[in-house]
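Engineer: Below you'll find the structure I mean.
Rule-based calculations on the coordinates, nothing more; no lab input. Everything numeric here is computed off the predicted structure, so don't read it as measured data. Because the Cβ atoms are built from the backbone with ideal geometry, glycine has one as well, and the counts that use them run over all protein chains shown.
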Amino acid sequence: MDETGLKTRHLLSIADLAPVEIESLINYAIELKSRGWLSLLRNKTLAILFEKPSLRTRVSFEVAIRQLGGEAIYLSPAEVALGKRESIPDVARVLSRYVDGIVLRTFAHHNLEVLAEYSAVPVINALSDFEHPCQALADLLTVYEKKGKLKGLTLAYIGDGNNVANSLMLACAMTGVNFNIASPDGYTVDKTILKKARGYAKDSGVKIICTEDPRLAAKGVDVIYTDTWTSMGQEAEAGVRRKAFADYQVNEKLLALTKKNSIIMHCLPAHHGEEVAEGILDTPRSVVFDQAENRMHAQKALLAKMLGKQ
Ligand code: CP
Ligand code: NVA
């Protein structure tokens, strides 16, 4: 079953891919868009194991697998109770006897590392508290389609330095996109991720700007991106976070500072009136539904390369 077309066996972090692999996955995703149903995953079965809710990730993975001729088995949190009903190493070793790949959405990123360590089949991170690499792939695909290039563009991320921000920062630094991030004190991006991203930025020649000022981050950018102020698992902090992020809304005022042809992105689900002003995602500059669709295309490319017949 070890027939990966990529250097990595598992995809836990976007940085498990080489920058050149990200670029080739983007091109491959664009190619697959026009090829419809295929049989690249024929006779392959994947387990989709989710500990958190999902609309996009679950559906886009299941449809991607089906459109490539494979089978998907969804396992809800209650069924497996990862680490509670059964230890993660045992879940990994049992699933490896049945399926050709495991897609896991979990809380602690460490759970993915343990699952990957004990799994005989590829493990894909479908979101952890630390990274959301499949989202970052779809994000870059969307930027590339909308702008016709990646290198030399500037993306501003406004809001929480969370899983989505971590993967996006790395992905941008790897592929030549300048990255500005504005977060309030106490909600900045992870330091180890920032250090890693700065390393990539040195190679790709991009700038990374971290600031508390959303206006500074948004000035003259090609892409403005935001995500929820309260991620899954942080619901108890919602009130405190709403206050901390009150000045970090993507609205017309902030948008006016960006380039005239800038686009608005959001991984979704969105909280209209919180991180995005009411109605702003319905304006022509918003590409969020193309972005959501691209989850499926990017994952098709990823699955075909990781698991498919080359
Ligand atoms: N963007 C994203 O991952 O959405 P879901 O949580 O609905 O999967
Ligand atoms: N940061 C969000 C992303 C949802 C797709 C969360 O983890 O809940």
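Engineer: Assuming 0.36 nm per residue, please report the length gained on full extension of the stretch Asn43 to Lys147 beyond their Cα-Cα distance.
Structural biologist: Details: separation 104, 0.36 × 104 = 37.44 nm, distance 3.73 nm.
Here the segment from Asn43 to Lys147 would lengthen by 33.7 nm.
Engineer: Here's something else I'd like to know. To the nearest 20 debye, what charge dipole does the chain have about its Cα centre, counting +1 at the Cβ of each Lys and Arg and -1 at the Cβ of each Asp and Glu?
Structural biologist: On the way: 38 positive and 37 negative charges, 162 e Å.
I would put it at about 780 debye.
Engineer: Starting from the Cα coordinates of the chain, work out the convex hull volume and express it per residue in Å³. Spell out each step's value before the answer.
Structural biologist: Details: hull volume 37.0 nm³, N = 310.
Considering the Cα atoms of the chain, their hull volume per residue is 119 Å³.
Engineer: Would the stretch 211-310 count as rounded, prolate or oblate if I go by the C-alpha gyration tensor, calling it rounded below 1.5 in a/c and otherwise prolate when a/b exceeds b/c, oblate otherwise? Mind showing how you got there, number by number?
Structural biologist: Values: a/c = 2.27, a/b = 1.43, b/c = 1.59.
Note, shape of the stretch 211-310 comes out oblate.
Engineer: Taking +1 at the Cβ of each Lys and Arg and -1 at the Cβ of each Asp and Glu, which of Leu95, Gly36, Asn125 sits farthest along the dipole of the stretch 1-142 towards its positive end, judged by Cα position relative to the Cα centre?
Structural biologist: The Cα lying farthest towards the positive end belongs to Gly36.
Engineer: I would also like to ask the following. Hey, what do the phi angles of the stretch 200-208 turn into as Karplus ³J(HN,Hα) couplings, whole Hz, using 6.51/-1.76/1.60 and θ = phi - 60°, x for Gly and Pro?
Structural biologist: 5, 4, 4, 5, 8, x, 9, 9, 10
Engineer: Let me ask something else. Measure nothing fancy, just the Cα-based angle from helix 163-175's long axis to the longest principal axis of the chain, in degrees from 0 to 90, nearest 10.
Structural biologist: With both axes taken from Cα atoms, the answer is about 90 degrees.
Engineer: Let me have the 222 nm mean residue ellipticity of the chain computed from DSSP H runs of 4+ only, each contributing -39500 (n - 2.57), with the sum over all residues rounded to the nearest 500. Each step should come with its number before you reach the end.
Structural biologist: Values: 12 runs with 130 residues, N = 310.
For the chain, the value works out to -12500 deg cm²/dmol.
Engineer: What is the order of Trp229, Trp37, fewest Cβ neighbours within 10 Å to most? Intermediate results must be reported in sequence, preceding the final value.
Structural biologist: Numbers: Trp229 25, Trp37 8.
If I rank by nearby Cβ atoms, fewest first, I get Trp37, Trp229.
Engineer: If you don't mind, there's one more thing I want to ask. Looking at the stretch 1-96, which trypsin sites (Lys or Arg not before Pro) are DSSP coil and have at most 13 other C-beta atoms within 10 Å of their C-beta?
Structural biologist: Sites meeting the loop and neighbour criteria: Lys7, Arg35, Arg42, Lys84, Arg85.
Engineer: Along the charge dipole of the stretch 160-310, which of Leu216, Val164, Ile193 sits closest to the positive end, that is, farthest toward it, with unit charges on the beta carbon of Lys, Arg, Asp and Glu (+1, +1, -1, -1)?
Structural biologist: Ile193
Engineer: Also: Once you sort the root eigenvalues of the Cα gyration tensor of the stretch 140-263 as a ≥ b ≥ c, which label holds: rounded (a/c under 1.5), prolate (a/b larger than b/c) or oblate (the other case)? Walk me through the numbers on the way to the answer.
Structural biologist: Details: a/c = 1.87, a/b = 1.31, b/c = 1.43.
Oblate, because a/c is 1.5 or more while a/b does not exceed b/c.
Engineer: Which residue, Thr45, Leu6, Leu104, has the largest displacement toward the positive end of the dipole of the stretch 1-147 when charges sit on each Cβ (Lys, Arg +1; Asp, Glu -1)?
Structural biologist: Positive-end residue among those listed: Thr45.
Engineer: Oh, and also: In vacuum, with every alpha carbon of the stretch 91-203 counted as one equal point scatterer, what does the Debye formula give for log10 I(q)/I(0) at q = 0.14, 0.17 Å⁻¹? Two decimals, please.
Structural biologist: -0.64, -0.86
Engineer: To continue, here is another question. Would you mind checking which residues have amide H under 5 Å from Leu127's amide H? H placed 1.01 Å from N; only 5 or more apart, or other chain.
Structural biologist: Those qualifying (amide H under 5 Å, at least 5 residues apart or on another chain) are Thr106.
Engineer: Let me ask something else. Taking the Cα centre of the stretch 104-181 as origin, work out the dipole magnitude from +1 charges on Lys and Arg Cβ and -1 charges on Asp and Glu Cβ, in debye rounded to 20.
Structural biologist: Numbers: 5 positive and 7 negative charges, 93 e Å.
Its charge dipole is roughly 440 debye.
Engineer: Tally Lys/Arg at +1 and Asp/Glu at -1 over every other residue whose Cβ is under 10 Å from the Cβ of Ser231; what's the total?
Structural biologist: Values: positive: Lys52, Arg241; negative: Asp129, Asp160, Asp227, Glu235, Glu237.
Value of the local net charge: -3.
Engineer: Could you tally the net charge around Arg85, taking each other residue with its Cβ under 13 Å from the Cβ of Arg85, Lys/Arg +1 and Asp/Glu -1? Provide the component values of the computation, followed by the final result.
Structural biologist: Numbers: positive: Lys84; negative: Glu51, Glu79, Glu86, Asp90.
After counting each charged neighbour, the total is -3.
Engineer: If we count other beta carbons within 10 Å of each Cβ, what is the order of Tyr200, Tyr187, fewest first? Present the calculation step by step, with values, prior to reporting the outcome.
Structural biologist: On the way: Tyr200 20, Tyr187 17.
Placing the least packed residue first, the sequence is Tyr187, Tyr200.
Engineer: What three numbers, in Å, describe the spread of the alpha carbons of the stretch 32-119 along their principal axes, ordered from the longest?
Structural biologist: Answer, in whole Å and largest first: 42, 27, 20 Å.
Engineer: Treat every Asp and Glu Cβ in the stretch 129-261 as -1 and every Lys and Arg Cβ as +1, leave all other atoms uncharged, and give the resulting dipole magnitude about the Cα centre to the nearest 20 debye.
Structural biologist: Working: 18 positive and 16 negative charges, 137 e Å.
Its charge dipole is roughly 660 debye.
Engineer: Taking the beta-carbon count within 10 Å as an exposure proxy, list Phe130, Phe179 from fewest neighbours to most. Display every interim value, and only then the final one.
Structural biologist: Details: Phe130 20, Phe179 28.
Sorted ascending by nearby Cβ count, the order is Phe130, Phe179.
Engineer: Let me ask another. Counting alpha carbon pairs within less than 8 Å and at least 6 residues apart, what relative contact order, in whole percent, applies to the stretch 1-144? Mind showing how you got there, number by number?
Structural biologist: Numbers: 221 pairs, mean separation 41.3, N = 144.
Answer for the stretch 1-144 is 29 percent.
Engineer: Tell me the net charge near Ser60. Cut-off is 14 Å between Cβ atoms, Ser60 excluded, with +1 for each Lys or Arg and -1 for each Asp or Glu. Walk me through the numbers on the way to the answer.
Structural biologist: Working: positive: Lys33, Arg56, Arg58, Arg66, Arg105, Arg295, Lys300; negative: Glu62, Asp139, Asp290, Glu293.
Around Ser60, the charge tally is +3.
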